[in-house]
1. Restricting to the stretch 344-354, count the residues that are closer than 14 Å to residue 286 by Cα and part of a strand (DSSP E or B).
2. If you check 184, 129, which single one turns out to be assigned to a helix (DSSP H, G or I) and surrounded by 20 or more Cβ atoms within 10 Å (Cβ to Cβ)?
3. Being on the phi > 0 side of the Ramachandran plot and either without any contact (Cβ under 8 Å) to a residue 60 or more places away in the chain or loosely packed, with under 15 Cβ neighbours inside 10 Å (or both) is the requirement here; does residue 272 meet it?
4. Answer yes if at least one residue in the stretch 431-441 is under 25 Å from residue 127 (Cβ atoms) and part of a strand (DSSP E or B), and no otherwise.
5. Scan the stretch 57-81 for residues that are part of a loop (DSSP other than H, G, I, E, B) and under 29 Å from the mean Cα position of the chain (by Cα) and jot them down.
6. Name, by its number, the condition in (1) in contact with a helix residue (DSSP H, G or I) (Cβ under 9 Å, 6 or more places away or on another chain); (2) modelled with pLDDT of 85 or more; (3) farther than 29 Å from residue 176 by Cα that does not hold for residue 98.
7. Which count do you get for residues in the stretch 144-162 that are at pLDDT below 90 and crowded, with 20+ Cβ neighbours inside 10 Å?
8. Within the stretch 74-94, is even one residue over 30 Å from residue 210 (Cα atoms), assigned by TED's automatic domain parsing to the domain that holds residue 24, surrounded by 14 or more Cβ atoms within 10 Å (Cβ to Cβ) and in contact with a helix residue (DSSP H, G or I) (Cβ under 6 Å, 6 or more places away or on another chain)?
């Protein structure tokens, strides 16, 4: 009677480790991760409760069950940061690790070991085998070296192999997937995203955080801020937007410039692991002058519009008691503003840099001030994910290399030859036949003719 070792470690090795290393479990976990990743792409992430109430009502429920309440309860509004999605990633990573240590590493160890065949019957189980009448092993090594095999010899037996990198490839693939999972977890736990609308000429801290991981506080900049030196838009001849630009400076707490770049769509600024993207724009205000008064900076607000596009407007008082004035409305930053009186009637237009007489005063528009809409992200897991994908491509290429083996045994004036490979069977069969032909042409007994039977067995 054999006593089984007891204790948590023994239970883990005997019961849990085989379950974790099961390929079926890995496939189920991978499908679950893929399904919820797709749901996170289809369902808008990080929106307000009102948004989900409007788009996922109780009646009729999407697919008969998916309502805003269910969606928020499960966490489908922030899939990639839910505990259960992170648990799936960790469990899948544990399965890959278990499979690597219980299957892939032992297979590599077995492939690296020297396996000498000492009996002719051992050649019968090989995919390819034959015999040649030769009195010695002389010249066999040279024939194997010509086909780039690594040779091991023990007396009258030879073991040769090549393509051991093909056995390492699956391990590299597993390691790359673990890196990708690790990068995803690090990004979900420590990354953040912010959205800032910064008027031209203003400086602001990054504080409008729209989503962040539980450990993201250390990534949010505390010792530097962003200054928009200037924001402008290039327009096409037909009046549509061609590109919008922001001249940004990164400044420290003493307002000293640390970095300065002009960004636009698809050309962000990166500083200390934080990336600032040009994502949106708005009109912050207008600078006007009434007669010889100082320049006044008036804020402009977004107005509801029934047509496509956006409108911004402000009220410019033209009398000290604020009893009269005009509304300035604009749809872009090309410098043309439309004026309306208190009754809502259009009374004219004015361009940036020009003046107009209204309500007995001279109204001069100095400038229209734009706002740069920045999307600010930090994801420390991205370099890990990129490294994982690079390693994955390398591992896939390595896995396509065939691991080929050839055995040779000299016994009773006969040379027993056999070989097998794990892929590219036809190519290896041709290599094996060429090897047999080279061996057959080696000097042998005069009375004996070489016997070549390079037919697949089994």
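The values are calculated or read from the model by the stated rules, or taken from the named source; none is laboratory data. Quick caveat: nothing in here was measured; it's all calculated off a predicted structure. FYI the Cβ positions are ideal-geometry reconstructions off the backbone, even for glycines, and counts take in every protein chain you see.
1. Going through the stretch 344-354 one residue at a time, the tally reaches 2.
2. Going through 184, 129 in turn, the sole match is 184.
3. Here the answer is yes, as residue 272 does meet what is asked.
4. Start the filter on the stretch 431-441 by keeping residues that are under 25 Å from residue 127 (Cβ atoms), which leaves 431-441.
Then keep just the ones that are part of a strand (DSSP E or B); that gives none.
No: the stretch 431-441 contains no residue that is under 25 Å from residue 127 (Cβ atoms) and part of a strand (DSSP E or B).
5. 75
6. So residue 98 meets the others, but not (3).
7. Number satisfying all stated conditions: 0.
8. Scanning the stretch 74-94 turns up at least one residue that is over 30 Å from residue 210 (Cα atoms), assigned by TED's automatic domain parsing to the domain that holds residue 24, surrounded by 14 or more Cβ atoms within 10 Å (Cβ to Cβ) and in contact with a helix residue (DSSP H, G or I) (Cβ under 6 Å, 6 or more places away or on another chain).
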